[in-house]
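Below you'll find the structure, written out as structure tokens, and then a few comments.
The values are calculated or read from the model by the stated rules, or taken from the named source; none is laboratory data. Here the structure is a predicted model, which means the values were calculated and not measured. Cβ coordinates were reconstructed from backbone atoms using ideal geometry, including for glycine residues, and neighbour counts include every protein chain displayed.
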Amino acid sequence: MSKSNLQKVLESGAFAVTGELGPPKSAEREVIEHHASYLNGKVDSVNITDNQTAIVRTSSIACGKIILDMGIEPNIQITCRDRNRIAIQSDVLGAAALGIKNILCLQGDHATFGNEPQAKNVNDLDSINLISTLKKMRDEQELLGGDKLEAPLNIYIGAVANPFADPFEYRVHRLAKKIEAGADFIQTQAIFDMERFERWMEQVRALGLHKKAHIMAGIIPLKSLGAARYMKNNVSGMLIPDHIIDRLKGAKDKKAEGVKIAVEMIEHIKTIEGVAGVHIMAVAWEEIVPEICERAGLLPRPTFD
């Protein structure tokens with residue numbers, strides 16, 4: 001079976017780069033095409049979020065097909081919040097039928113955080129069960145209930161990790177469980193506290209996890225001081241040190257300083273043993289990704305026959 005572009009890049013040993021897009025709160029195809037156009041040729045593949053923060057948006061799979069038609073490889077996200085095991089397996093087969101290969105497995109934010117707070121959280125499977133289900137479908141050609149698939153399934157399985165949530169000592173063991181369940185690549189929460197991330201990577205290397213899955217470090221370019229303060233004070237599991245806040249506070253051009261910080265972090269991350277790439281989450285600021293990639297020495301991206 002043919003490999004996804006992301007899989008080829010990671011397995012080649014090249015430093016991988018992925019981007020991210022949030023689908024619109026509408027059925028406007030041109031919106032996703034417009035934002036995706038900034039990432040075309042600048043990253044190896046693009047995450048399509050799945051009703052992020054529990055807010056109703058266009059389907060991740062539908063948006064994945066839209067950017068695939070543009071020549072951009074998608075990493076669709078599938079959350080456990082909204083689907084039972086029947087719907088999950090059906091969506092995976094449907095995505096694969098459309099030519100989508102990369103699937104990122106997440107639990108999903110609780111419905112009370114979104115615009116339908118009365119919605120029931122399904123969570124028939126948790127994120128580790130979801131990973132193992134996809135691995136079973138791919139490697140054993142078998143559904144969770146035991147029925148055999150009629151043809152092989154060609155997917156590349158991703159998962160997420162947060163090195164910054166408490167208790168810190170448990171984080172690496174949760175990562176180990178996801179890798180054991182079948183995750184091929186990992187994308188982390190956005191990194192601002194580099195010292196803590198380095199300590200987490202020491203634990204990752206001590207367990208040899210970087211040799212079992214490809215770990216990509218999350219980067220969010222800060223667009224403003226207000227955005228930085230909001231994430232620091234309101235986003236669970238997000239650690240933004242005071243020195244980052246102080247740099248933005250003292251900068252005349254906040255956006256330029258935010259880009260400079262992102263580039264510096266990527267350059268630092270490239271020196272850390274066991275990190276296979278970066279995942280750039282330019283929230284509603286996709287147009288800045290080409291500049292970041294250029295300045296961080298991430299271009300041109302590798303190509304394969």
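Residue count for region 155-182 satisfying the condition of being surrounded by 15 or more Cβ atoms within 10 Å (Cβ to Cβ) and either hydrophobic (A, V, I, L, M, F, W, C) or more than 21 Å from Leu207 (Cα to Cα) (or both): 13.
A Cβ distance below 8 Å, combined with a sequence gap of six or more or placement on separate chains, defines the contacts here; from region 148-160, residues that are farther than 14 Å from Val92 by Cβ and without any contact (Cβ under 8 Å) to a residue 40 or more places away in the chain reach residues that are surrounded by fewer than 19 Cβ atoms within 10 Å (Cβ to Cβ) and of a type in the set (S, T, N, Q) in the pairs Lys148/Gln141.
Candidates in region 284-301 are the residues that are in contact with a strand residue (DSSP E or B) (Cβ under 9 Å, 6 or more places away or on another chain) and of a type outside the set (A, V, I, L, M); of these, the one that is surrounded by the fewest Cβ atoms within 10 Å (Cβ to Cβ) is Arg301.
Identify all residues within region 106-122 that are part of a helix (DSSP H, G or I) and polar (S, T, N, Q); write none if there are none. Talk me through it step by step, then tell me what you get.
If we filter region 106-122 for residues that are part of a helix (DSSP H, G or I), which is where we start, we get 111-113.
Hit for region 106-122 is Thr112, nothing else.
Restricting the first member to region 18-35 and to residues that are closer than 12 Å to Ala284 by Cβ and part of a helix (DSSP H, G or I), and the second to residues that are of a type in the set (A, V, I, L, M) and at pLDDT 95 or above, the beta-carbon pairs closer than 7 Å and six or more apart or on different chains are His35/Leu21. Just one of the listed residues (Met216, Met231) is under 17 Å from the mean Cα position of the chain (by Cα) and under 23 Å from Ala161 (Cβ atoms), namely Met216.
In region 66-96, the qualifying residues are those that are acidic (Asp, Glu) and under 25 Å from Met1 (Cα atoms), and the one that is farthest from the chain's Cα centre (by Cα) is Asp69. Restricting the first member to region 251-268 and to residues that are in contact (Cβ under 8 Å) with a residue 12 or more places away in the chain, and the second to residues that are charged (D, E, K, R) and outside any helix (DSSP H, G or I), the beta-carbon pairs closer than 8 Å and six or more apart or on different chains are Lys254/Lys223; Lys255/Lys223; Gly258/Lys223.
Only residues that are of a type outside the set (D, E, K, R) and free of Cβ contacts under 8 Å to residues at least 40 places away in the same chain were counted in region 170-195, giving 7.
Conditions tested, residue by residue: (1) surrounded by 21 or more Cβ atoms within 10 Å (Cβ to Cβ); (2) assigned to a loop (DSSP other than H, G, I, E, B).
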| position | (1), (2) |
| --- | --- |
| His210 | no, no |
| Ile215 | yes, no |
| His243 | no, no |
| Leu248 | yes, no |
| Glu267 | no, no |
| Ala282 | yes, yes |
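Tell me which of these Lys42 doesn't satisfy, since it passes every other one: (1) within 29 Å of Pro300 (Cα to Cα); (2) charged (D, E, K, R); (3) surrounded by 16 or more Cβ atoms within 10 Å (Cβ to Cβ); (4) out of contact with any helix residue (DSSP H, G or I) (no Cβ under 6 Å at 6 or more places or on another chain). The one condition Lys42 does not meet is (4). Filtered by the rule that a residue be closer than 22 Å to Asn129 by Cβ and under 15 Å from the mean Cα position of the chain (by Cα), region 49-60 gives Thr49, Asp50, Asn51, Gln52, Ser60.
Annotation: of all residues in region 217-237 being surrounded by 20 or more Cβ atoms within 10 Å (Cβ to Cβ) and touching a residue at least 40 places away in the same chain (Cβ under 8 Å), the one that is nearest to Val9 (Cα to Cα) is Ala217. For Thr79, the conditions (1) of a type in the set (Ser, Thr, Tyr); (2) at pLDDT 95 or above; (3) farther than 15 Å from Thr133 by Cβ are fulfilled apart from (3).
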